[in-house]
Amino acid sequence: MSVRTTRVAGRTVRRVLVAGLGLALVALTPLTAQANGTTGAAGEPVAATGAAAGPVGVIGAASEPVRGAGAAAAPVAVTRTTLAEDTVIPRGVTVDLVRRTMTLTAGEKRHLRGRLEATSTTTGIVGLTERIRCLDASGRTVPVVAASARNHEGSDTVTYATPGHLPLFADLLFTAPADGTYTCVLQGTAYSSLTGSYHLTAVAGKTWLEADDGDRVGAGWWQNPACESADSGGACTYVGTGPARRDAWVFYDDGTPSRRWQAHPDAASVSAQANLELTTCYHGTASCATAMQAHPRGKNAVVDARFEFIQLGTTGHACRTHSTTARRTVTDDAHHAVGYSFLTGLPVDPACGTRDFLLRIYLKHVSGQTVKVDGVQSGVTSLTNGIAFSNFG
């Protein structure tokens with residue numbers, strides 16, 4: 001993606017020229033948030049609230065253990081490792097920012113959450129991708145890689161929680177494929193076809209990687225099907241007008257394999273979360289199938305999203321439904337979007353007769369551009385995913 005920046009009457013006007021770039025994912029601006037999960041300014045997640053919301057772990061300093069929701073009949077400690085020095089992310093380069101090494105047995109699970117906060121040296125738009133990648137002792141990547149991405153809209157941007165500072169989050173439930181030592185790395189990549197010299201900078205103290213210190217017994221991971229950046233074959237799920245669907249169930253009727261998740265027999269409660277990445281499909285974008293490009297650039301998109309975590313009854317139908325909703329606007333300048341949803345400390349109702357749960361996201365088009373639901377790229381990188389946890393203690 002290339003961007004031309006012009007000063008007009010004291011303000012900055014940015015024109016974006018699509019150039020078929022790969023992973024160039026951008027911002028989702030929430031208009032409302034209800035129930036147990038919400039998203040703050042510039043996509044910054046905040047603590048879940050509402051009925052059945054449980055305690056939220058206290059955040060510690062660099063490499064300081066913090067307490068989170070649990071595993072194996074006791075809460076699991078979580079260690080946060082924080083970036084010590086501001087780190088430049090040059091154009092076209094993937095930079096290792098923070099890492100955590102763990103010795104695991106086959107089948108052990110760890111929840112990793114990364115936060116990358118970046119500033120920019122230009123007022124132009126620069127793509128930013130955050131990844132959590134885990135490597136085995138030989139240095140090979142262990143699928144899946146979790147990613148979250150969004151364009152940094154310039155050093156003069158005032159719509160972020162801190163002007164000019166773009167925060168991104170990514171979550172991964174890592175399962176060790178074999179006994180061994182694994183190193184998980186928080187990475188940042190910058191990309192744009194802007195001319196001249198510029199770079200992004202990962203901010204020390206605000207960029208970090210959290211990892212469980214113990215096994216997340218029985219935790220479950222969801223990811224939606226393959227959806228490449230350009231989607232030349234039309235394999236992705238679209239919600240909008242024209243040939244697109246008017247609504248869709250992510251992880252449910254979008255080709256995701258059907259599955260139930262079962263809470264651990266000793267769990268005191270359960271929690272769930274989801275990261276949903278979207279892309280607007282304006283005329284000329286390289287990020288959507290041509291048939292889905294219904295409007296010129298500037299139309300923008302409004303969608304409603306409802307994240308559901310449903311305890312099933314003995315007949316396999318819903319017995320208790322927990323949900324959180326948000327109306328979100330995805331601008332064509334932003335073009336891509338990530339939204340974060342949380343449901344925490346939910347009781348397991350014995351009256352339902354099972355401990356089985358279903359996780360899904362209902363997405364409905366409200367107005368404007370058709371949107372694409374971003375999925376797994378290159379068979380490895382997951383952009384839309386969900387996690388369910390059993391909480392102990």
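Structural remarks
- Seen from every direction in turn and averaged, the convex hull around the alpha carbons of the stretch 86-211 projects onto 7.5 nm².
- Set of lysines with alpha-carbon distance to residue 299 below 30 Å, sequence-local pairs under 8 removed: 364, 372
- Look at where the Cα atoms of the stretch 293-358 and of the stretch 128-193 average out, and the two centres are 23 Å apart.
- Long-range amide H partners of residue 294 with built H, under 5 Å: 370
- Neighbourhood charge, 11 Å Cβ-Cβ cut-off, centred on residue 325 and excluding it, Lys, Arg +1 and Asp, Glu -1: +2
- Alpha-carbon geometry of the stretch 137-275: the Rg and the Dmax are 19.3, 59 Å, given in that order.
- Excluding ligands, DNA and RNA, the accessible surface per residue across the stretch 268-393 is 30 Å² with a 1.4 Å probe.
The values are calculated or read from the model by the stated rules, or taken from the named source; none is laboratory data. The model shown is predicted, which means the values in this text are computed figures rather than measured ones. So basically every Cβ, Gly included, is an ideal-geometry build from the backbone, and we count neighbours across all protein chains shown. When the accessible area is computed, the model is the full protein with side chains, heavy atoms only, and any ligands, DNA or RNA have been set aside. Shrake-Rupley method; radii C 1.70, N 1.55, O 1.52, S 1.80 Å.
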